[in-house]
Structure formats: structure tokens, C-alpha cells
Amino acid sequence: MASKKQEIRARRAKEKKQKQMITLGLIIIGAGLIAAALIYPNMQAKVELVERYMAEGNAMGNPDAPVKITEYSDYRCGHCGAFAIETEPLLHDEYVATDKVYFVSRSVGMLLGSEPSVLATEASYCAAEQNKYWQMYDLIFTNQATLFTEPVLEEWAKIADLDMDAYRACMSDNRYDDVIAQDQADAEAEGISGTPSFVISYMVDGEEVKQLLPGNYPYDEFIRIIEEAYAAMGIQ
């Protein structure tokens, strides 16, 4: 009888150990899947990248357009992402691509103390060296819920079809630290304290007129301000 009890205990102990090993294995697999999702987000990344009219660096449109819009944004800002996905394409098609507005994108992640956003900004400026700024802009904002890390940004750089040796050299050199610092300084000089914010500027009788639009305003508000600028300049 004692031998039988010992046999049962031994079997139960073995089964318990097997269950523990299975549970541990499932935990390890789960952790691996989570890590893979964070490090290799290309399966969810946006791959249909939209070309911008007269794109050059972090700007798009005709530099001689009567109205200039400078965007100050943060790649981790949800309202900035909403603007990039919903409003910017409308502005591009109606005003930028028709030579009415010159649009410049700048980042103020450093102003808000967002280190991941600063890293993403550096990646987009490095992409700009290959005239792929807007491709990275699209990828980062479309997938902004993903943790921004160097491996993640590298995956997006590959999707944007960058020369990876040149991209890695740029990132390694921290080549755009001064540019990012200048973005912050210029934003502060414009009185910007939140994102997104837009500085809309144009010339009337030889004098520059500036208007600050703080926040993710509806597209109709951009239309109103642009049309008022054109009316002030006497342009139909």
C-alpha cells in the first residue's frame, strides 16, 4: 500500500512539474511575441506611402507660394497624429499641390521632454537627406502607438526604402541635434507651448503677417484662415 501511495505521489509530482514547465514555456513564448511586435512592427506598419508635391527635406510645395504654414508637432502627440492622418492630406491636395501653400514640418518633442519623439525626429531628418522625410513622417504617425526605438525606426526606414548604410551613419553621428534644438528655440520664440501648433505667415504691403493656430483645428478652420490671407493680399 505504501508503495502504491509513493507511486501516486511521484506521478502527481511529475505531472505538476510538467504543468509548471508548460506554463513557463507559454510565458516565454508570449514574451517573445510581445518583444517581436515591439521590435519588428513592419507587419502593422503603413506601406502605402504618399508622395508629396515638390517635396524637399522637411518641406513640401512651392517655396514661392503666397502662404507659408509651419507645423510644430510631437511624434508622440495623439492630436498631431490626427492632423497628419486626417487634415494634412486635405491641405496637401487643395493648397500645397496647387502652389497656394508652402508647408514646413518641424518637431518640438524636445520642448515637451519626449525623448522617444526626439529619436523619431532625428530619424525623419536623416530620412530627409534622401528626400524621404515625408515617408518617415507617414510611417511614424501612422504607427505612433508603437514604442519608438532604434530597431523599430530602422524597420520603418527599410519600408521607406532608404539607403540603410547612409541612414545608420546619420543616426550614429547625431547629425541633427542642432537642428532639433533650433526647432525648439524657434517654437519658443513663436510662443508655442503645446502641439500641434501652426504658424501661418504671408506678406501684405511688404510687411509679414503671422498668425498662430494652436491645436488640431478642423480643416475648415485652415480653409478660413488661408482664404482670409489671400483676401488680405488681394489675391483671388
Any residue at all in the range 76-95 that is touching a Ser or Thr at 6+ places or on another chain (Cβ under 7 Å), part of a loop (DSSP other than H, G, I, E, B) and not aliphatic (A, V, I, L, M)? yes
Inside the range 126-152, the number of residues satisfying the requirement of being part of a helix (DSSP H, G or I) and either under 10 Å from the mean Cα position of the chain (by Cα) or buried (at least 17 other Cβ atoms within 10 Å of the Cβ) (or both) is 14
Of the residues in the range 167-176, those that are outside any loop (DSSP other than H, G, I, E, B) and surrounded by 13 or more Cβ atoms within 10 Å (Cβ to Cβ) number 5
A careful count of residues in the range 195-222 that are surrounded by 12 or more Cβ atoms within 10 Å (Cβ to Cβ) and either among the aromatic types (Phe, Trp, Tyr) or free of Cβ contacts under 8 Å to residues at least 60 places away in the same chain (or both) gives 11
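Results for (1) over 15 Å from residue 102 (Cα atoms); (2) part of a strand (DSSP E or B); (3) assigned by TED's automatic domain parsing to the domain that holds residue 107; (4) touching a Leu at 6+ places or on another chain (Cβ under 7 Å), shown as yes or no for each residue.
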{"site": "183", "(1), (2), (3), (4)": "yes, no, yes, no"}
{"site": "191", "(1), (2), (3), (4)": "yes, no, yes, yes"}
{"site": "198", "(1), (2), (3), (4)": "no, yes, yes, yes"}
{"site": "203", "(1), (2), (3), (4)": "no, yes, yes, no"}
{"site": "212", "(1), (2), (3), (4)": "yes, yes, yes, no"}
{"site": "217", "(1), (2), (3), (4)": "yes, no, yes, no"}
{"site": "220", "(1), (2), (3), (4)": "yes, no, yes, no"}
{"site": "223", "(1), (2), (3), (4)": "no, no, yes, no"}
{"site": "229", "(1), (2), (3), (4)": "no, no, yes, no"}
Just checking, does the range 61-78 include any residue being out of contact with any Phe, Trp or Tyr (no Cβ under 9 Å at 6 or more places or on another chain) and surrounded by fewer than 17 Cβ atoms within 10 Å (Cβ to Cβ)? yes
So, in the range 176-191, exactly how many residues are more than 19 Å from the chain's Cα centre (by Cα) and touching a residue at least 24 places away in the same chain (Cβ under 8 Å)? 3
Mind listing just one residue for me: the one in the range 223-236 that is in contact with a helix residue (DSSP H, G or I) (Cβ under 9 Å, 6 or more places away or on another chain) and modelled with pLDDT of 95 or more and, of those, surrounded by the fewest Cβ atoms within 10 Å (Cβ to Cβ)? 223
Within the set of pairs 6 or more residues apart or between chains, which connect a residue that is at pLDDT below 95 inside the range 157-173 to a residue that is in a helix (DSSP H, G or I) with Cβ atoms less than 7 Å apart? none
Matching entry among 120, 166, 145 (being of a type in the set (A, V, I, L, M) and farther than 20 Å from residue 83 by Cα): 166
All conditions in (1) among the charged types (D, E, K, R); (2) assigned to a strand (DSSP E or B); (3) touching a Phe, Trp or Tyr at 6+ places or on another chain (Cβ under 7 Å) are true of residue 155 except (2)
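The values are calculated or read from the model by the stated rules, or taken from the named source; none is laboratory data. Because the structure is a prediction, the values reported are computed rather than measured. Positions of Cβ are backbone-derived with ideal geometry, glycine not excepted, and every protein chain shown enters the neighbour counts.
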